[in-house]
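Have a look at the structure below before the remarks.
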Amino acid sequence: MTRIVLVAAVALIDADGRVLIARRPEGKAMAGLWEFPGGKVEAGERPETALLRELKEELGINVSEACLAPLTFASHSYPDFHLLMPLYACRRWQGTVTAREKQELAWVKPLKLRDYPMPPADLPLIPHLIDLL
């Protein structure tokens with residue numbers, strides 16, 4: 001039986017239409033690859049709640065749940081688990097985006113996202129961002 005892992009992710013979109021991506025640090029699975037910020041949804045937790053928690057922990061920003069707009073999702077089988085990842089769009093937050101976990105950050109125009117190596121599950125999400133912006 002395949003283990004299903006639920007991860008919530010967000011496309012933070014700035015006033016210039018750029019999307020924030022973060023580089024996975026050394027020591028983590030898929031280190032060096034770029035991904036949309038977010039994290040694992042804990043047992044009994046809603047994806048939106050997980051995102052608000054992760055954005056505060058990882059980037060030091062506060063987001064209102066009302067500012068999270070469901071955009072699309074990824075469903076991807078890795079060798080040892082199946083990833084289900086809802087992706088939200090967010091254009092409003094409080095605070096300054098800061099790399100709080102030593103991850104590298106980049107603001108990237110959607111058409112340039114393919115220039116950054118990403119995990120296989122993230123790649124099919126890019127066209128949705130290009131269409132959105």
Residues that are in a helix (DSSP H, G or I) and either over 17 Å from Thr49 (Cα atoms) or of a type in the set (D, E, K, R) (or both), drawn from the stretch 64-92: Glu65
One residue from Asp80, Asp122 being of a type in the set (D, E, K, R) and surrounded by 18 or more Cβ atoms within 10 Å (Cβ to Cβ): Asp122
Number of the condition not met by Thr96 [criteria: (1) surrounded by 11 or more Cβ atoms within 10 Å (Cβ to Cβ); (2) assigned to a loop (DSSP other than H, G, I, E, B); (3) at pLDDT 95 or above]: (1)
Selection from the stretch 106-133 of residues that are under 19 Å from Glu54 (Cα atoms) and touching a helix residue (DSSP H, G or I) at 6+ places or on another chain (Cβ under 8 Å): none
Qualifying positions in the stretch 29-44 - loosely packed, with under 14 Cβ neighbours inside 10 Å and either in contact with a helix residue (DSSP H, G or I) (Cβ under 9 Å, 6 or more places away or on another chain) or under 19 Å from Leu84 (Cα atoms) (or both): Ala29, Lys40, Glu42, Ala43, Gly44
For Glu101: the one exception among (1) free of Cβ contacts under 8 Å to residues at least 24 places away in the same chain; (2) more than 27 Å from Asp131 (Cα to Cα); (3) outside any helix (DSSP H, G or I): (1)
Single condition Met118 does not satisfy, out of (1) hydrophobic (A, V, I, L, M, F, W, C); (2) modelled with pLDDT of 95 or more; (3) out of contact with any strand residue (DSSP E or B) (no Cβ under 7 Å at 6 or more places or on another chain): (3)
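The values are calculated or read from the model by the stated rules, or taken from the named source; none is laboratory data. What you see is a predicted model; the values in this text were computed from it and never measured. Don't worry about glycine lacking a Cβ; one is built from the backbone with ideal geometry, like all the others, and counts go over all protein chains shown.
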